[in-house]
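The values are calculated or read from the model by the stated rules, or taken from the named source; none is laboratory data. A quick note: this is a predicted structure, and the numbers were derived from the prediction, not measured. Ligands, DNA and RNA are excluded from the accessible area calculation, which covers all protein heavy atoms including side chains. Shrake-Rupley method; radii C 1.70, N 1.55, O 1.52, S 1.80 Å.
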Amino acid sequence: ATQILDTRGMNCPLPILQTKKALSVLGAGETLAVTATDPGSLKDMQAFCKQTGNELVSSIANQGEFEFLIRKS
């Protein structure tokens, strides 16, 4: 990942807002790794990537933590 973002402990909509902010400084093709604990972030990240045209490369749920890898379009 080009950049890592830790949003553990944050609730909706903060993980998405922080993700949007972090992606804004990345160039096309660069990746952002996001870690979250908000269960809603699973659906939120999928919807966010679909709406913004960014690619959700991977989405992993692991013992209450959710890890996402997003490639900026």
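Once C-alpha pairs closer than 8 Å and six or more residues apart are averaged by separation and normalised to the residue number of the chain, the relative contact order reads 36 percent.
May I ask you to give the solvent-accessible area per residue for the chain, in square angstrom, as obtained with a 1.4 angstrom probe? Display every interim value, and only then the final one.
Numbers: 4300 Å² over 73 residues.
Value for the chain: 59 Å² per residue.
What does the extension gain come out to for Gln18 and Gln51, with contour length at 0.36 nm per residue minus their alpha carbon separation?
Details: separation 33, 0.36 × 33 = 11.88 nm, distance 1.60 nm.
Result: 10.3 nm gained on full extension.
Using a probe of 1.4 Å on the protein chains alone, the accessible area found for Ser24 is around 80 Å². Rolling a 1.4 Å probe over the protein heavy atoms leaves Arg71 with an accessible area of roughly 90 Å².
If DNA, RNA and ligands are ignored and the probe is 1.4 Å, what is the ranking of Ile16, Ile60 by accessible area, most exposed first?
The most accessible residue leads, giving Ile60, Ile16.
At each listed q (0.11, 0.13, 0.14, 0.28 Å⁻¹), what is the log10 of I(q)/I(0) that the Debye formula gives for the chain modelled as equal alpha-carbon point scatterers? Listed by q, the Debye log ratios stand at -0.21, -0.29, -0.34, -1.48.
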